[in-house]
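Student: Input: one structure, supplied below.
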Amino acid sequence: MRIERDSMGEVEVPAGAYYGASTQRAVDNFPISELRFGRTFIWAMGLLKASAAVVNREIGAVEPETADAIIAASEQVMNGDFDDHFVVDIFQTGSGTSTNMNANEVIANRATEILGGQLGSKLVHPNDHVNASQSSNDTIPTAIHVAAVAGIESRLLPALDALSEALDAKAEEFDDVLKSGRTHLMDATPVRLGQEFGGYAVQVANGAERIRKVLPELYELALGGTAVGTGINAPEGFARDTIAEMARRSRYGFVEAADHFEAQAAKDAAVNASGALKTIAVSLFKVANDLRWLASGPRTGIAEIKLPSLQPGSSIMPGKVNPVIPEMVMQVSAQVIGNDAAITWGGANGNFELNVMMPMIAHNLLQSIDLLATAADVMRDKMVEGIEADSERAKWLLEQNVIIITALVPVIGYDRSAEVAKKAFAEGRGVREVALEMEVLPEAELNAALDLRPMTEGGVVG
């Protein structure tokens, strides 16, 4: 162990730790969970600290040699070299001050080491140098937005776009597969399997568009408001120039918040983004659930499609294969929906000049982004691209579907059509056979009216 000191006195810290007294106090105070900030958030903190050091060097707030060491250390944090030293629990002080100090101390100690000093010597000071011109109250909300943008643009949107394209390709492949439509889980008029998959593709594409629409809000960064939004101790132009440096380094469209009081007191942009993520989760749940139903069987279910067989489905029933990918996606969706509830309540707790649930909001928001991105990729790769249609099964089920009688309504009327349908259902026979027997139409006209493909194209059949 080594002894580190802060404004409250001495603290024992592991000898090899790059964090210091403030972080160790947080570790001791918050033994709550095993949840820690992940790679994207730590990268965002490194980006912020490196960019701030560049501007602090230019405006004379930090000596050039010290600033250069901070920049180098921050870039190593961005690269993931010190992830193991970000040790503070998610459930901590609501401002995230402990995590900001965790970053400040790791970067300060590494910068001190770069300059030839000893860990804990504070040759580079975590507050005076690394945190110069900043406050936890503006750095943590800034990092939330930066990490969310990075996750959405680099992972989630590409995953959703690829999934939508894969579903659209299946829509084309399955365009000629005629099948029963179903409403209320009951037989309905015919559709094409390609039409169903086309609907899924658009659902996913719409989700991607919804999350794109929240990006402009997330591009706005709170940096520059410092303690309460007034910008005390932040030199003029610091926020503008630091955010410009962050945009240059990351290639994301970051700008200074239009109003620093809103940016720090409220987390509405995060709540809005979470709402869009929840909608994506609902869409993926619907698609995954439909696909597992369509593949149910294989002998006694619907079985109009075949999902790739990935693993044995039972420890007791030989030969059983389950729809494991849809079940995974449905669980991910449930988690994201739950995360949204927590984020919503967290966003409501912006008291006066500061929200006090930011670490939880950050964790849940970033987890939702990561879960949806990974689930969408796996769903596409391990399921959608390998789906096969059983067109003969679909056709057979469709011929048994009494509801195709709907096509006869414009020709013979609702009541007469109902008679045919009831007789067919009661006797377990097909509509075509019963209608011919009842002589509701000449055979040629009946076959034209009951032509299945036109039933999927709208208008009056026959």
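Student: Could you tell me the distance between the Cα centroids of the stretch 51-118 and the stretch 389-462, to the nearest Å?
Tutor: 73
Student: Given Cβ point charges of +1 (Lys, Arg) and -1 (Asp, Glu) and nothing else, what value in debye, to the nearest 20, does the dipole of the stretch 400-455 about its Cα centre take?
Tutor: Numbers: 6 positive and 9 negative charges, 44 e Å.
Dipole about the Cα centre, nearest 20: 220 debye.
Student: Follow-up question, since we're still on this one. Which log10 I(q)/I(0) values does the stretch 2-132 give at q = 0.14, 0.23 Å⁻¹ under the Debye formula, counting every alpha carbon as one identical point scatterer?
Tutor: With no solvent term, the Cα-only Debye profile gives -0.55, -1.42.
Student: Could you tell me the center-to-center distance, by alpha carbons, between the stretch 1-42 and the stretch 195-218 in angstrom?
Tutor: 41
Student: Rounded to the nearest 500, what is the 222 nm mean residue ellipticity of the chain from helices alone, with -39500 (n - 2.57) per DSSP H run of 4+ residues and division by all residues?
Tutor: Numbers: 18 runs with 264 residues, N = 462.
Computed mean residue ellipticity for the chain: -18500 deg cm²/dmol.
Student: Given an 8 Å cut-off on Cα distances and at least 6 residues of separation, report the relative contact order of the stretch 346-462 as a percent. Let's see the in-between values first.
Tutor: Working: 75 pairs, mean separation 19.1, N = 117.
Computed value for the stretch 346-462: 16 percent relative contact order.
Student: For the stretch 138-392, what is the charge dipole size about the Cα centre, in debye to the nearest 20, if Lys and Arg each add +1 at the Cβ and Asp and Glu each add -1 at the Cβ?
Tutor: Numbers: 21 positive and 33 negative charges, 120 e Å.
My answer is approximately 580 debye.
Student: Among L221, G253, P235, flag the residue with its Cα farthest along the positive direction of the charge dipole of the stretch 181-259, charges on Cβ as +1 for Lys/Arg and -1 for Asp/Glu.
Tutor: Value: G253.
Student: Something else: What is the magnitude of the charge dipole of the stretch 1-111 about its Cα centre, with +1 placed on the Cβ of each Lys and Arg, -1 on the Cβ of each Asp and Glu, and no other charges, expressed in debye to the nearest 20?
Tutor: In debye, rounded to 20, the stretch 1-111 gives about 180.
Student: Would you pull out the residues with amide H under 5 Å of E220's amide H, same chain only if 5 or more places away, H placed 1.01 Å from N?
Tutor: Placed amide hydrogens put V255 under 5 Å from E220.
Student: Can you give me the long-range amide H partners of V321? Hydrogens built in the peptide plane at 1.01 Å from N, cutoff under 5 Å, separation of 5 or more residues or another chain.
Tutor: G313
Student: Show me 350-359, 192-201 ranked by packing, highest mean number of other Cβ atoms within 10 Å first. Please report the intermediate quantities before stating the final value.
Tutor: Values: 350-359: 19.5, 192-201: 21.6.
Packing proxy ranking, top to bottom: 192-201, 350-359.
Student: Okay, moving on. Could you order peptides 442-449, 205-212, 325-332 by the average number of other Cβ atoms within 10 Å of their residues, highest first? Could the numbers behind the result be given before it?
Tutor: Working: 442-449: 14.6, 205-212: 18.1, 325-332: 19.8.
Descending packing order for the listed peptides: 325-332, 205-212, 442-449.
Student: Please work out which option in (1) 1.82; (2) 0.91; (3) 1.32 gives Cα Rg over 2.2 N^0.38 Å calculated from these coordinates, and answer with its label.
Tutor: Matching the structure shown: (3).
Student: Let me have the relative contact order for the stretch 2-132, percent, based on Cα pairs under 8 Å that are six or more residues apart.
Tutor: On the way: 211 pairs, mean separation 38.6, N = 131.
Once divided by the residue count of the stretch 2-132, the mean separation gives 29 percent.
Student: Hey, another quick one. Under the definition of Cα pairs under 8 Å and six or more residues apart, what whole-number percent is the relative contact order of the stretch 203-274?
Tutor: On the way: 67 pairs, mean separation 27.7, N = 72.
Answer for the stretch 203-274 is 38 percent.
Student: Okay, moving on. Search the structure for amide H atoms under 5 Å from the amide H of A188, placed 1.01 Å from N in the peptide plane, and list their residues when 5 or more places away or on another chain.
Tutor: G181, R182, T183
Student: Still on this structure: Provide the net charge surrounding R5, with neighbours chosen by a C-beta distance below 13 Å and charges set as Lys +1, Arg +1, Asp -1, Glu -1.
Tutor: On the way: positive: R2, R25, K122; negative: E4, D6, E10, E12, E105.
My count for the surroundings of R5 gives -2.
Student: Ordered by packing density, taken as the mean number of other Cβ atoms within 10 Å over each peptide's residues, highest first, how do 114-123, 98-107 rank?
Tutor: On the way: 114-123: 16.4, 98-107: 29.1.
So the order, starting with the most tightly packed, is 98-107, 114-123.
Student: What does the net charge come to around A171 if you take all other residues with beta carbon closer than 11 Å to its beta carbon, with K and R at +1 and D and E at -1?
Tutor: Counting the neighbours of A171, the net charge comes to -4.
Student: Report, for the chain, the % of DSSP beta bridges that are antiparallel, rounded to 5. Don't skip to the answer; put the middle values down first.
Tutor: Working: 16 of 18 bridges.
Percent antiparallel among DSSP bridges in the chain is about 90.
Student: Would you mind computing the Rg to Rh ratio of the stretch 62-129 from its alpha-carbon coordinates, Kirkwood style for Rh? Walk me through the numbers before you get to the answer.
Tutor: On the way: Rg = 12.0 Å, Rh = 12.2 Å.
Rounded to two decimals, Rg/Rh equals 0.98.
Student: Measure up K170/K213; K179/K320; K49/K122 against 20 Å on the Cα-Cα distance and list the ones that go over.
Tutor: Values: K170/K213 27 Å; K179/K320 25 Å; K49/K122 17 Å.
Flagged as over cut-off: K170/K213; K179/K320.
Student: Further question on the same structure: Once the other residues with Cβ under 15 Å from the Cβ of A421 are scored (Lys, Arg +1; Asp, Glu -1), what is the net sum?
Tutor: Values: positive: R416, K422, K423, R429, R432; negative: D187, E399, D415, E419, E427, E433, E437.
Summing Lys/Arg as +1 and Asp/Glu as -1 gives -2.
Student: Taking the stretch 400-455 as the region of interest, what is the percent of Cα-Cα pairs per 5 angstrom bin, listed from the shortest bin to the one with the maximum distance?
Tutor: 4, 23, 38, 26, 9, 0
Every number here is computed from the coordinates shown, using simple stated rules; none is lab data. Everything numeric in this text was worked out from a predicted model, so none of it was measured. When we count neighbours, we look across all protein chains shown, and the Cβ atoms used for this are built from the backbone with ideal geometry, even at glycine.
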